[in-house]
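Chemist: After the structure tokens below, expect a handful of questions from me.
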Amino acid sequence: MKAWLEVLRISNLPTVWTNLVAGTCVAGAFADVSLEGPIGGWKLAVVLVAGSMLYLGGMVLNDVFDLDIDRRERPERPIPSGRVPATVAATVGWGLVVVGAILPWSISIATGVVAVVVAGLVLLYDRIHAATAWSVVVMAGCRVGLYLMAGAMVMSEVQQDAFRITRPDLEGPLVALLIAIPVFIHVASFSLVARFEVPTSEETCPSCGHPVLGDQATCPECGEASDVATRHERAEATLGRRRTWGGTGTLALLLPFAACCGLATFVLGIGNSGAEPSEVFRVLGLSFAILVVLGIFLLNTTRDLARRPRAVGRFVVRSIAAMSLYDTALVGMMILRAVDAAPAQVGAAFFATIACLACFVLVCWAHRRIPGT
């Protein structure tokens, strides 16, 4: 059983749930769609199940596609070690992805189309991730797809009459896309850091790039030191800089709350916007509190990577968990909107916030028992 949990990367699954819940709550709030009824019941259940299947199927197929590489480099992994049969894993993986792409069609055409696109991105990532660093963009796109799936589900609640479908309100899905952009940057950044875990020393001069033999101490072209130790040291320094860039990119999750702080401050400054000062102060206060809490978590994560550059795995799993904390903060912000715009929705937003926070705790706990990478 543990072997299957490792292949499925089950410890990361709650982050998929929070992505979908956050996308639903934010899109629903801006589209003025009630979180009660189908949108908070069977439709949300369908996208949660479908998103989970797409994620789990992608994780299994990731190991199936990497079987030859794992046999050489990581023979202890569940599939190459024989703890999980390769044919069974392939069957399970493909089955999960196919079912995950089909289920959302029961909600609407738009939701089904987004699910198929996400499934395609999952398969594309599994196929190319070992060959190119650009695959991190595809992985980040999979996460964006989860928010868009939730937004499309919200859009499906548009009113219909007997003759035609009214023009869909795209405000909800567009807002879901906006909140997904920082996640896109965050995921691409920590995925790049993960690719920079081990330095590779090419047989070229670190100074001029001229080819050198493995036992040459100096470059025959420029005369600079080019022995193995020097090349390794230069490679480590280069990776250190790249890890720093990637670690800084993960701070993108702070952008929405920094923007809210700036906007609230601007509204208070001009003083003639028509907004109630008490409402603006609430937005400013909560945004600033979220900025501090989430910022402390992310900065500690990046500082830990700077202190221990070899601890890339720890950095990656903490960055994965940060997505659930981000989703918790987004849903929490919707409580303020519900207080003024839809008081009946306060309870649902509060429950969703607690659920996302519980998922964050669950991810952190699960990472101690099941590897997340």
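Chemist: Calculate the FRET efficiency for LEU5 and LEU178 from the Cβ-Cβ distance with a Förster distance of 30 Å, rounded to the nearest 0.05. Show your work: numbers first, answer last.
Modeler: Values: r = 34 Å, r/R0 = 1.14.
Plugging the Cβ-Cβ distance into 1/(1 + (r/R0)^6) gives 0.30.
Chemist: For segment 248-317, what D do you get in µm² per second when you plug the Kirkwood radius from alpha-carbon pairs into Stokes-Einstein at 4 °C and 1.567 mPa s? Write out the running numbers ahead of the final one.
Modeler: Working: Rh = 13.7 Å.
Rounded to a whole number, D works out at 94 µm²/s.
Chemist: I've got another one for you. Provide the per residue accessible area, probe 1.4 Å, for segment 36-174, rounded to a whole number of square angstrom.
Modeler: Values: 6690 Å² over 139 residues.
Averaged over the residues of segment 36-174, the accessible area is 48 Å².
Chemist: If you wrap a convex hull around the C-alpha atoms of segment 69-163 and split its volume per residue, what is the figure in Å³? Spell out each step's value before the answer.
Modeler: Details: hull volume 10.3 nm³, N = 95.
Taking the convex hull of the Cα positions in segment 69-163, it is 109 Å³ per residue.
Chemist: Any chance you could tell me what percent of the C-alpha pair distances in segment 1-90 go past 15 Å? Provide the component values of the computation, followed by the final result.
Modeler: Numbers: 2586 of 4005 pairs.
Cα-Cα pairs of segment 1-90 separated by over 15 Å account for 65 percent.
Chemist: FRET efficiency for ARG127 and SER81, Cβ-Cβ distance as r, R0 = 30 Å, nearest 0.05? Don't jump to the answer; show the numbers that get you there.
Modeler: Values: r = 23 Å, r/R0 = 0.77.
It comes to 0.85.
Chemist: On the accessible surface of segment 1-157, probed at 1.4 Å, how many percent belong to carbon and sulfur atoms?
Modeler: Its accessible area is 70 percent carbon and sulfur atoms.
Chemist: Between segment 1-59 and segment 60-104, how many Å separate their Cα centres?
Modeler: Cα centres, segment 1-59 to segment 60-104: 22 Å.
Chemist: Shifting gears a bit: Could you sort SER156, SER81 by their accessible area in this structure, using a 1.4 Å probe and putting the largest first? Mind showing how you got there, number by number?
Modeler: Values: SER156 25, SER81 55 Å².
The ranking, largest first, comes out as SER81, SER156.
Chemist: First select every other residue whose beta carbon is under 13 angstrom from the beta carbon of ASN300; then total the charges, Lys and Arg +1, Asp and Glu -1. Could you put the intermediate results ahead of the total?
Modeler: On the way: positive: ARG303, ARG307, ARG308, ARG314, ARG318; negative: ASP304.
With Lys, Arg at +1 and Asp, Glu at -1, the net is +4.
Chemist: Going 7 Å from the Cα of LEU263 in the Cα-to-Cβ direction, what parts of segment 11-41 have a backbone nitrogen less than 14 Å from that spot?
Modeler: Within reach of a label on LEU263: 26-27, 29-31.
The values are calculated or read from the model by the stated rules, or taken from the named source; none is laboratory data. Here the structure is a predicted model, which means the values were calculated and not measured. Note that we place each Cβ from the backbone using ideal geometry, even for glycine, and neighbour counts take in every protein chain shown. Only protein heavy atoms, including side chains, enter the accessible area calculation; ligands, DNA and RNA are left aside. Shrake-Rupley method; radii C 1.70, N 1.55, O 1.52, S 1.80 Å.
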